[in-house]
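Asker: My questions will all concern the structure given below.
The values are calculated or read from the model by the stated rules, or taken from the named source; none is laboratory data. In this text the structure is predicted, and so the values were computed from the model without any measurement. Note that each Cβ is placed from the backbone with ideal geometry, even for glycine, and that neighbours are counted across all protein chains shown.
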Amino acid sequence: MSERLVIIGGCAAGMSAASKARRLNPNLEIAVYEKTGFVSYGSCGMPYYISGVIDDYNKLVVRTPEQFAEKNIEVHLHHEVIEIDAENHRVSVKNIHNSKRKYANYDKLLITTGGRPSLLPTSSPGELEGVFTLRALEDGIAVSDFVHQEQPQHAVIVGAGYIGLEMAESFHSLGLDVTVIGRPPQVLKRFDPDMAKHVQQETEGRGIKFSLGDEVQALEGDGRGKVRQVISSKGIFKADLVLLALGVRPNAELAKAAGVVLGETGAIATDAQMRTNLSGVFSAGDCAEAYHTVTKHGVYIPLGTTANKQGRIAGTNIGGGEATFQGIAGTAITKVFDLFPSMTGLSEKDAQAAGYKVKSTVIKAKSCAHYYPGCKSMHVKLVVEEGSGRLLGGQIVGGQGAGTRINALATALHQEMTVQELTKLDLAYVPPISPVWDPLLVAANVACKG
């Protein structure tokens, strides 16, 4: 009799695992339960769909349920798993359309319930028309429909992280007046302030307004239930569209109720094979912790790249293969108008908080040969452990082509290289994309002198 795999959640981690397990074990029965109306899509592309750069949300879909069915993978949309009975190896599933419930038995269970948007303590989407979060594909469709049908003029974004800044650009491109409110005193709080300031300056130069070090106290609507203003500790902001971009929290309550152990971050704890403490139960993606290759501790940094990799590892082990997740350095990049801020490893402030004695180096350099037309400046920051010279992290802020240099630093972190070793790298050179001394090498040489 063939084994049965049940997967809770059908986005990046879940469907990556399903596909890998199917390739390894053609006889494995696979059922995926997803509470939304889509599986396997590029959620990171939603800001570009909303702005119109991507003209059809269907282009964000990687595979449809029908395509998965061709691989003998059952996908049940609009079905929510509401309880895990680990003792009897079954889950309770509710059909969202008709509220009917049923049990589904499993031999192996993969929990990929993802993350959920952090909300304001005083207000939530649905209480007032025009207030949104951006997590599921339906959220992106709803925001796009609202913008085109209601023609809002004033957008307030609560949150100055990746999504907040990407959506500031998106709304700006559609002609909206945009204000970003953030609780931290800087944008992109994972970055160090001396690097984040360049992103803020670029964004303000495009007409985006910021109120940082601020906290939203209330959203107010009119008599028809439509949002009209945002009240914060620093003022009152006109708004007929509000986007809550306050970050993501692990959606781990279902697992916790079943006896799955959570880590210190509040996300699901797993081993390197993505197994939880319960027999036959795995977890991956934005609901799970990840091993940080620099600190050697569990962290919660929800990223699509991590979800896909963890899902593949889980699927390999579930399907009968052997694989281990090597961890992450938190490597990330975003686009904010003409800048591509990127980072990997620890920021200076996070390294200090983790107990490292550090020194940092910041340089400004050209992203290509100085004589090449259109050459732009870029800033590179290296965070180095004092004494050993070990690279702990890096940040880059610059134009097209600058940000992707972060991948070289991510590789250096993976190899636990020192800045002295970084100076010896043989990096490519051609005038349109680099000076003869690449900015990474310049930064490494300066760090060695320091």
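Asker: Taking the range 147-172 as the region of interest, how many residues are surrounded by fewer than 17 Cβ atoms within 10 Å (Cβ to Cβ) and in a helix (DSSP H, G or I)?
Answerer: Number of matching residues: 3.
Asker: Looking at N58, N72, N88, can you tell me which residue is more than 27 Å from the chain's Cα centre (by Cα) and farther than 22 Å from K256 by Cα?
Answerer: Exactly one residue qualifies, and that residue is N72.
Asker: Going through N445, N407 one at a time, which residue ends up being closer than 29 Å to T203 by Cβ and surrounded by fewer than 24 Cβ atoms within 10 Å (Cβ to Cβ)? Spell out how you get there, then give the answer.
Answerer: On the way: N445 fails: closer than 29 Å to T203 by Cβ.
Every option except N407 fails the conditions.
Asker: While we're here: Mind listing whichever residues of the range 308-342 are over 24 Å from S16 (Cβ atoms) and part of a strand (DSSP E or B)?
Answerer: V336, L339
Asker: Let me ask something else. Considering the range 83-95 alone, what residues qualify as being surrounded by 14 or more Cβ atoms within 10 Å (Cβ to Cβ) and touching a residue at least 60 places away in the same chain (Cβ under 8 Å)?
Answerer: E83, I84, A86, H89, V91, V93
Asker: For the range 1-81, please list each of the helices (runs of 4 or more DSSP H) lying entirely inside it that holds at least 1 residues being exposed (fewer than 15 other Cβ atoms within 10 Å of the Cβ).
Answerer: Details: elements: 12-24, 46-51, 65-70.
Answer list for the range 1-81: 12-24, 65-70.
Asker: Then there's this: Of everything in the range 251-299 that's in contact (Cβ under 8 Å) with a residue 24 or more places away in the chain and assigned to a helix (DSSP H, G or I), which residue is farthest from G321 (Cα to Cα)?
Answerer: Here the answer is A257.
Asker: Right, something else. Against the condition closer than 21 Å to C11 by Cα and either surrounded by fewer than 18 Cβ atoms within 10 Å (Cβ to Cβ) or hydroxyl-bearing (S, T, Y) (or both), how does T316 come out, does it pass?
Answerer: On the way: closer than 21 Å to C11 by Cα: yes; either surrounded by fewer than 18 Cβ atoms within 10 Å (Cβ to Cβ) or hydroxyl-bearing (S, T, Y) (or both): yes.
So T316 fits the description; yes.
Asker: Another one. Quick one: which of V187, V199 is part of a loop (DSSP other than H, G, I, E, B) and touching a Phe, Trp or Tyr at 6+ places or on another chain (Cβ under 9 Å)?
Answerer: Values: V199 fails: part of a loop (DSSP other than H, G, I, E, B).
So the residue among V187, V199 that is part of a loop (DSSP other than H, G, I, E, B) and touching a Phe, Trp or Tyr at 6+ places or on another chain (Cβ under 9 Å) is V187.
Asker: May I pose another question? Among what's in the range 365-387 and is hydroxyl-bearing (S, T, Y) and surrounded by 14 or more Cβ atoms within 10 Å (Cβ to Cβ), pick the residue that is farthest from A410 (Cα to Cα). Quick ask: steps written out before the conclusion?
Answerer: Let us first name the residues in the range 365-387 that are hydroxyl-bearing (S, T, Y), namely 367, 371-372, 377.
Those left that are additionally surrounded by 14 or more Cβ atoms within 10 Å (Cβ to Cβ): 367, 372, 377.
Details: S367: 19, Y372: 28, S377: 22 Å.
Only one residue tops the list, namely Y372.
Asker: Consider the range 214-249. How many of its residues are surrounded by fewer than 18 Cβ atoms within 10 Å (Cβ to Cβ) and aliphatic (A, V, I, L, M)?
Answerer: The total comes to 3.
Asker: List every residue pair whose Cβ atoms lie under 8 Å apart, where the two residues are 6 or more positions apart in sequence or sit on different chains, the first residue falls within the range 233-246 and is closer than 10 Å to I157 by Cβ, and the second residue, located anywhere, is exposed (fewer than 14 other Cβ atoms within 10 Å of the Cβ).
Answerer: L241/E150
Asker: Still on this structure: Cβ contacts < 7 Å: first residue in the same structural domain as L440 (by TED's automatic domain parsing) and farther than 18 Å from A444 by Cβ, restricted to the range 399-413; second residue basic (K, R) and crowded, with 22+ Cβ neighbours inside 10 Å, any location; separation 6+ or different chain. Result?
Answerer: none
Asker: Condition test on G52, is it modelled with pLDDT of 95 or more and at positive phi?
Answerer: Yes.
Asker: Right, here's the next one. Could we say that T306 is surrounded by 14 or more Cβ atoms within 10 Å (Cβ to Cβ), touching a Leu at 6+ places or on another chain (Cβ under 9 Å) and closer than 30 Å to G327 by Cα here? Spell out the reasoning first.
Answerer: Details: surrounded by 14 or more Cβ atoms within 10 Å (Cβ to Cβ): yes; touching a Leu at 6+ places or on another chain (Cβ under 9 Å): no; closer than 30 Å to G327 by Cα: yes.
It is false that T306 is surrounded by 14 or more Cβ atoms within 10 Å (Cβ to Cβ), touching a Leu at 6+ places or on another chain (Cβ under 9 Å) and closer than 30 Å to G327 by Cα.
Asker: Right, here's the next one. Give the number of residues within the range 106-147 that are farther than 27 Å from I54 by Cα and either touching a His at 6+ places or on another chain (Cβ under 6 Å) or without any contact (Cβ under 8 Å) to a residue 60 or more places away in the chain (or both).
Answerer: Qualifying residue count for the region: 3.
Asker: Here's something else I'd like to know. Please indicate, with yes or no, whether at least one residue in the range 105-123 is part of a loop (DSSP other than H, G, I, E, B), closer than 22 Å to E220 by Cα, in contact with a helix residue (DSSP H, G or I) (Cβ under 8 Å, 6 or more places away or on another chain) and of a type in the set (A, V, I, L, M, F, W, C). Quick ask: steps written out before the conclusion?
Answerer: Residues of the range 105-123 that are part of a loop (DSSP other than H, G, I, E, B), as a first pass: 106-107, 112-114, 118-123.
Now restrict to residues that are closer than 22 Å to E220 by Cα: 118-123.
From the residues that got through so far, the ones that are in contact with a helix residue (DSSP H, G or I) (Cβ under 8 Å, 6 or more places away or on another chain) too are none.
So far as the range 105-123 goes, no, none of its residues is part of a loop (DSSP other than H, G, I, E, B), closer than 22 Å to E220 by Cα, in contact with a helix residue (DSSP H, G or I) (Cβ under 8 Å, 6 or more places away or on another chain) and of a type in the set (A, V, I, L, M, F, W, C).
Asker: Restricting attention to the range 263-280, which residues are over 14 Å from N251 (Cβ atoms) and not small (G, A, S)?
Answerer: Of everything in the range 263-280, those that are over 14 Å from N251 (Cβ atoms) and not small (G, A, S) turn out to be E264, T270, D271, Q273, M274, R275, T276, N277, L278.
Asker: Using the structure shown, decide if G311 is among the small types (G, A, S) and either over 14 Å from R190 (Cβ atoms) or in contact with an Asp or Glu (Cβ under 8 Å, 6 or more places away or on another chain) (or both).
Answerer: Values: among the small types (G, A, S): yes; either over 14 Å from R190 (Cβ atoms) or in contact with an Asp or Glu (Cβ under 8 Å, 6 or more places away or on another chain) (or both): yes.
Yes: the conditions hold for G311.
Asker: Given the criterion in contact with a His (Cβ under 8 Å, 6 or more places away or on another chain) and small (G, A, S), identify the matching residue among G45, G37.
Answerer: Being in contact with a His (Cβ under 8 Å, 6 or more places away or on another chain) and small (G, A, S) holds for just one of G45, G37, which is G37.
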